[in-house]
Structures are given as structure tokens and as C-alpha cells.
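Trainee: Right, I'll just put the structure down here and ask away after.
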Amino acid sequence: MEFFKNSLRAIWRVWFYVFFGASLLLMMPFLFILTFSESQYSFLYKIIRAFSKTLIFVMGFRLQKQIEEPLDLTQSYMFCPNHTSMLDPFILISMVKKPIVFVGKAELKKIPVFGYFYKRICILVDRGSQKSRKEVYFSAKRRLKNGASVAIFPEGLVPTEDVVLSPFKNGAFSLAIEHQIPIVPATYFDCKRLFSWTYFKGKPGTIRIKQHKPIHTKGLDKKSLKEIKEQTFTVLFNELSNDVEYMKDTKGF
């Protein structure tokens, strides 16, 4: 029986990559055109958002959303969700109408085809390079000036499955204070359980999302960075540690 279940999970995972790859090939002409200039990003984002919603649907997932406070579509934000799955960016994009630009790892640009568009769409950071980290500030400032929001997974990586929430890096909070934009924490309860990085684990189902009230940074300076970071961490940690399904799936608890 376990062999049969694992076979179905393997086919389901392969379907994810087949659909993703085929969609990327179909969208390639539009991506080539729309990634030439950042001024076209708002239209490109609509395509990416439509793809994200479709991907979630065809994989058999449904989103159950809880939004504590509607966002102001005229305002830019710093989105900070917890990170447990490759689904996380697609979920965030599907939930937010206003264009979001992700700050992501520079290593991903090495992936064939995907990496070419990834480096044109996202703000890349090499955490081992101080120069790269500084350049993120200028890139973010330019994108925010064009009306986009920014998204960073503040853990900086996908933690092992026995970790509730990894300690946060400073980058997201430093940027939010520098540009005086509100931070929007978001808790993703079910991605690790339903579509983790473990190949023979997961299944279609309902993914619960809680988008928390924005944490405002207006008038703050870098002296407040630690406090804001801890406040955001506490919001997400409390939600995850009090969720029965999440904790049941987190090894060692």
C-alpha cells in the first residue's frame, strides 16, 4: 500500500514539473518581450499571477484565506511570509493584486531557462557579498518608486522540517525601515505538510493562509530594526506553534 501511495505522489510531483516547464515554454515569447523593461512589470505580473493561480488549482490545492486588514492598493508593502515550500511564492503572488518584486538568492539564476527570466524579474542578492547586499537597496528603491511592493522570506532559507520557524535575517526589516514601508507578516500553515521539499510527501488539499495586520515603520530608524524583526517573528511563531496540524507535522513536537 505504501509503495502504491508513493508511486501516486511521484506521479503528482512529476506533473508539477511538467506543467511548470510546459507553461514556461508557452509563455517564453511574452516573457522575452515583457522582461526587457521594468516599466512593463505591472503587465508581466498579471501574467505571472494568472499562472500562479492556475498552478495552485491544477495541483489540487485550494486557498483558505484569512485577511486581518485589507491592504491599501496605493501603498507599497514589504511582505514577509514563513517559508516551507516551493509553493510559497506562487501563493503570495496569487493573493496580492498589486505587483510584488521578490528579493531572491542569486544562485537560482544558474537554473537553465528559468534562471534567465528569474534574474530579470527578481532582485538578486548574494548573501556572501557585501556589495550585492548594498545593491539590493538601490534596486528596491527603484522598484518601489515604480509602485511595486517587495517580498522577502525573512528566514533566508527553507528550514528543516523539525524547525517551527528559523531565526529571521535583517534584510527585510532594514529595507522596510529604509524605505518607510509597512511590513505584512503572513502565516502559511499547510505548505510543509501538503507540498514540502520531501519528494514522497504531500497531497492535494486546503492551504490555510493568514495575512496579518501591517506593522508600520513610518518614523522609525535603524535603532528599531531588532524590535520590528522580533515583533514580526513573534506574530508568525505564535500562529505556527499554536496550530495543531502544523505542529503535528513538525518533527519532534
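Trainee: Among the residues of the range 65-76, which ones are among the hydrophobic types (A, V, I, L, M, F, W, C) and either in a loop (DSSP other than H, G, I, E, B) or buried (at least 18 other Cβ atoms within 10 Å of the Cβ) (or both)?
Mentor: Within the range 65-76, Leu71, Leu73 qualify.
Trainee: Just name the residue that is modelled with the highest pLDDT out of those in the range 241-252 that are closer than 18 Å to Val158 by Cβ and open to solvent by 50 Å² or more (accessible area, probe 1.4 Å).
Mentor: This residue is Lys251.
Trainee: Scan Arg62, Arg49 and give me the residue that is in a helix (DSSP H, G or I), of a type in the set (D, E, K, R) and either modelled with pLDDT of 95 or more or within 24 Å of Gly202 (Cα to Cα) (or both).
Mentor: On inspection, the qualifying residue turns out to be Arg49.
Trainee: Check the range 190-209 and report whether any residue there is at pLDDT 95 or above, closer than 22 Å to Ile123 by Cβ and touching a helix residue (DSSP H, G or I) at 6+ places or on another chain (Cβ under 6 Å).
Mentor: Looking through the range 190-209, none of the residues is at pLDDT 95 or above, closer than 22 Å to Ile123 by Cβ and touching a helix residue (DSSP H, G or I) at 6+ places or on another chain (Cβ under 6 Å).
Trainee: Are there any pairs, at least 6 apart or on different chains, whose C-beta atoms fall under 8 Å, with the first in the range 19-38 and over 24 Å from Val58 (Cβ atoms) and the second at pLDDT below 90, and if so, which?
Mentor: Short answer, once both residue conditions are applied: Ile33/Gln40; Thr35/Phe117; Thr35/Arg120; Thr35/Ile121; Glu38/Arg142; Glu38/Arg143; Glu38/Asn146.
Trainee: Kindly indicate the residue of the range 140-152 that is open to solvent by 50 Å² or more (accessible area, probe 1.4 Å) and touching a residue at least 60 places away in the same chain (Cβ under 8 Å) and also farthest from Gly171 (Cα to Cα) among those meeting that condition.
Mentor: That would be Asn146.
Trainee: What are the residues in the range 168-187 that are more than 17 Å from Glu230 (Cα to Cα) and either in contact with a helix residue (DSSP H, G or I) (Cβ under 6 Å, 6 or more places away or on another chain) or among the acidic types (Asp, Glu) (or both), if any?
Mentor: Selection gives Glu178, His179.
Trainee: Something else now. Among the residues of the range 48-58, are any touching a Pro at 6+ places or on another chain (Cβ under 6 Å), closer than 22 Å to His212 by Cα and not polar (S, T, N, Q)?
Mentor: no
Trainee: Identify, please: which residue in the range 208-240 is more than 20 Å from the chain's Cα centre (by Cα) and in a helix (DSSP H, G or I) and is, among those, surrounded by the most Cβ atoms within 10 Å (Cβ to Cβ)?
Mentor: Only one residue fits best here, namely Leu225.
Trainee: List the pairs whose first member sits in the range 153-179 and is among the polar types (S, T, N, Q), whose second member is assigned to a loop (DSSP other than H, G, I, E, B), and whose Cβ atoms are under 7 Å apart, counting only residues at least 6 apart or on separate chains?
Mentor: Ser166/Glu155; Ser166/Leu157; Ser166/Pro159
Trainee: Can you tell me which residue in the range 82-94 is most open to solvent (accessible area, probe 1.4 Å), limited to those that are in a helix (DSSP H, G or I) and over 21 Å from Phe233 (Cβ atoms)?
Mentor: Taking the candidates together, the pick is Phe90.
Trainee: Residues Phe79, Phe43, Phe51, Phe61: which one is open to solvent by 80 Å² or more (accessible area, probe 1.4 Å) and hydrophobic (A, V, I, L, M, F, W, C)?
Mentor: Phe43
Trainee: So which residues in the range 216-243 are among the hydroxyl-bearing types (Ser, Thr, Tyr) and in contact (Cβ under 8 Å) with a residue 24 or more places away in the chain?
Mentor: Across the range 216-243, the qualifying residues are Thr217, Ser224, Thr232, Ser241.
Trainee: Of everything in the range 3-32 that's open to solvent by 90 Å² or more (accessible area, probe 1.4 Å) and under 24 Å from the mean Cα position of the chain (by Cα), which residue is farthest from Thr54 (Cα to Cα)?
Mentor: For the range 3-32, the residue satisfying everything is Phe30.
The values are calculated or read from the model by the stated rules, or taken from the named source; none is laboratory data. Quick caveat, the model's predicted, so the values are computed rather than measured. Cβ coordinates were reconstructed from backbone atoms using ideal geometry, including for glycine residues, and neighbour counts include every protein chain displayed. Accessible surface is based on the protein model in full, side chains and every heavy atom, while ligands, DNA and RNA are left aside. Shrake-Rupley method; radii C 1.70, N 1.55, O 1.52, S 1.80 Å.
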